[in-house]
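The values are calculated or read from the model by the stated rules, or taken from the named source; none is laboratory data. These numbers come from a predicted model, not from an experiment. When we count neighbours, we look across all protein chains shown, and the Cβ atoms used for this are built from the backbone with ideal geometry, even at glycine. The area values use the complete protein model at the heavy-atom level, side chains included, leaving out ligands, DNA and RNA. Shrake-Rupley method; radii C 1.70, N 1.55, O 1.52, S 1.80 Å.
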Amino acid sequence: MRQEKRGTKKVKAMADWVEKLPEEERAGLEKSGPPEWLAPMLATLTDKRFSDPGWIYERKFDGERILVFRRGDDVRLMTRNRKTVNAAYPELVEAFGAMGGPDIVVDGEVVAFKNNITSFSRLQQRIQVRDPEQARASPVAVYFYAFDLCHLDGYRLDGLPLRRRKALLRGALDFGHRVRFTAHRNAEGEAYFQEACEKGWEGVIAKRADSSYRHGRSTDWLKFKCSKGQELVIGGFTEPQGAREGFGALLVGYYEDDELRYAGKVGTGYDDKFLVEFRQRLDDLETDESPFADGPEGDSEHWVEPKLVGEFGFTEWTRAGRLRHPRFLGLRRDKSPRDVTREDT
């Protein structure tokens with residue numbers, strides 16, 4: 001089993017990091033013990049691409065957002081809705097534990113690759129794992145791309161500018177095989193976005209370089225997406241037709257004004273194994289009442305409690321508010337149904 005080397009030299013170099021900060025930045029530090037939880041900062045989708053020297057540009061990954069909480073020898077990997085997922089990614093737990101160093105909270109993304117492109121569909125094979133030994137035996141290798149640092153050595157870093165947090169992040173961890181630093185560009189956001197789309201990436205995240213870390217959605221972080229797609233709540237399903245097993249299509253929607261709005265049926269993107277196994281989960285959640293405020297009315301639909309969230313790709317929203325040519329990409333466990341809203345651009 002591959003182990004990351006302990007970063008003893010790096011730890012010593014970080015010992016006096018507070019004194020090295022400019023006085024105005026030291027004033028923005030907040031002393032704090034190791035937190036049990038910190039809500040992540042979330043980006044806002046936009047269709048405006050731009051280049052600005054006051055912003056940095058990072059690759060947008062197609063993976064699972066994870067916060068790493070390391071306190072002494074204890075390491076916790078947590079999704080953005082506070083689920084602990086150590087069992088799915090034991091090699092990442094070991095990598096962070098083997099580094100040594102101060103208590104930290106690191107923000108980043110767990111990814112799996114397919115043909116040198118991060119693939120959420122491939123990562124699904126690990127997301128569903130509940131046993132560490134089964135995860136170790138999986139042919140799907142996973143990696144953690146760190147892009148922000150929220151807590152370091154007894155201090156909350158929320159008030160520091162992003163460039164400083166990234167500099168501290170680079171110095172706080174030993175990056176290598178499993179744990180990697182997310183590089184960024186300081187200019188040419190539009191060119192980087194075009195390059196990302198040509199390479200088949202998800203897109204680019206633009207971040208205001210002097211921004212603080214806000215626990216929630218913010219326009220200081222913006223998503224430039226190459227293709228349409230978003231999370232949607234599963235509220236029902238239809239029966240399979242012909243030789244198909246399991247279910248025919250999922251009925252999906254999003255929340256608006258505290259009501260679940262219907263977005264359409266999704267009948268593609270599933271393999272045979274998923275169709276059969278997921279039907280069992282749907283049956284466990286079946287209910288007599290439709291969860292949609294404006295859903296389809298017919299006798300062929302089955303309704304389920306809106307407790308599950310999926311990732312779906314599509315070409316566009318229709319004028320009627322439905323998905324055009326939708327396809328299923330995978331289940332999401334890192335987002336609560338009530339947080340799912342429509343992304344219009």
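A compact table of results
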{"item": "Residues that are within 23 Å of the chain's Cα centre (by Cα), open to solvent by 60 Å² or more (accessible area, probe 1.4 Å) and either farther than 30 Å from Asp339 by Cβ or at pLDDT 90 or above (or both), drawn from the stretch 1-48", "result": "Glu36, Lys48"}
{"item": "Filter result for Glu289 (modelled with pLDDT under 95 and out of contact with any Lys or Arg (no Cβ under 9 Å at 6 or more places or on another chain))", "result": "yes"}
{"item": "The stretch 66-81, subset at pLDDT 95 or above and touching a Ser or Thr at 6+ places or on another chain (Cβ under 9 Å), residue most open to solvent (accessible area, probe 1.4 Å)", "result": "Arg76"}
{"item": "Check on Gly235, more than 17 Å from Lys166 (Cα to Cα) and open to solvent by less than 10 Å² (accessible area, probe 1.4 Å)", "result": "yes"}
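Residues are listed down the side, and each one gets a yes or a no for (1) open to solvent by 10 Å² or more (accessible area, probe 1.4 Å); (2) within 20 Å of Leu329 (Cα to Cα); (3) modelled with pLDDT of 95 or more; (4) in contact with an Asp or Glu (Cβ under 8 Å, 6 or more places away or on another chain):
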| residue | (1), (2), (3), (4) |
| --- | --- |
| Ala88 | no, yes, yes, no |
| Leu92 | no, no, yes, no |
| Val105 | no, no, yes, no |
| Val110 | no, yes, yes, yes |
| Ser121 | yes, yes, no, no |
| Ile127 | no, yes, no, yes |
